[in-house]
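Taking it in order: structure first as structure tokens, then the write-up.
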Amino acid sequence: MPKTKFQDVVFTVMMVVVMVYAMVVYNISIDLGGVRNEVFLMALHELVIMGIVGFLLEMLVAGPLAKKLAFRFVTPGKDRMAVVILAISAMTVCLMCPMMSFVATVLFKGVDSQLFAKWVQLTVMNFPMALCWQIFAAGPLVRLIFGKLFPEKNAEAA
């Protein structure tokens, strides 16, 4: 877990890149009717704008709010670290998925009288994938890499 503001920014960038890239691949694949090799390259183009948006939303809105919401039912230091991490991760997805789906709806589906309906549909389609990807893939992968980049002092002493 990040201990400094610099570490928080690094962790957030890593998580945003892994989450946004996967979700863009997922959405392009749905739009094209399935996964194709070219989808992975196409997703890199959208990653730039959606990554910037995701980083800003995570740092300014979702990150702080997700922790406040998670800490309503878990207590760091009292509850097991895995439970705290899962609570923060779940709350982050609950906040980021609707916000990022709204941005994607506006940018890629168009603003018209069906904006709300398109946004709700996209959010409902994205949420299960985002939650599963965060809990089972992106979260563990990013925490593993982050732990290698920034080993904790007490872990070295053990």
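The values are calculated or read from the model by the stated rules, or taken from the named source; none is laboratory data. Quick caveat: nothing in here was measured; it's all calculated off a predicted structure. Cβ sites come from the backbone with ideal geometry, for glycine too, and all protein chains shown count toward neighbours.
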Taking region 28-70 as the search range and keeping residues that are small (G, A, S), over 19 Å from K3 (Cα atoms) and assigned to a helix (DSSP H, G or I), which one is farthest from the chain's Cα centre (by Cα)? S29
List pairs: first in region 50-71 and aromatic (F, W, Y), second part of a helix (DSSP H, G or I) and modelled with pLDDT of 95 or more, Cβ under 6 Å, 6+ apart or cross-chain? F55/V16
Against the condition of a type in the set (A, V, I, L, M) and assigned to a loop (DSSP other than H, G, I, E, B), how does V111 come out, does it pass? yes
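Could you tell me whether F108 is of a type in the set (F, W, Y) and surrounded by 12 or more Cβ atoms within 10 Å (Cβ to Cβ)?
Numbers: of a type in the set (F, W, Y): yes; surrounded by 12 or more Cβ atoms within 10 Å (Cβ to Cβ): yes.
Criteria met by F108.
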With the requirement that a residue be surrounded by 14 or more Cβ atoms within 10 Å (Cβ to Cβ), within 17 Å of P2 (Cα to Cα) and of a type outside the set (F, W, Y), what does region 71-89 give you? P76, V83, V84, I85, L86, A87, I88, S89
Among the numbered conditions (1) more than 24 Å from Y26 (Cα to Cα); (2) assigned to a helix (DSSP H, G or I); (3) of a type outside the set (V, I, T); (4) more than 18 Å from the chain's Cα centre (by Cα), tell me where F73 comes up short. (2)
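Take the residues of region 1-51 that are among the small types (G, A, S) and either touching an Asp or Glu at 6+ places or on another chain (Cβ under 7 Å) or exposed (fewer than 12 other Cβ atoms within 10 Å of the Cβ) (or both): which is farthest from F136 (Cα to Cα)?
G33
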For region 8-47, what are the residues that are of a type in the set (S, T, N, Q) and under 18 Å from A130 (Cα atoms)? T12, N27, S29
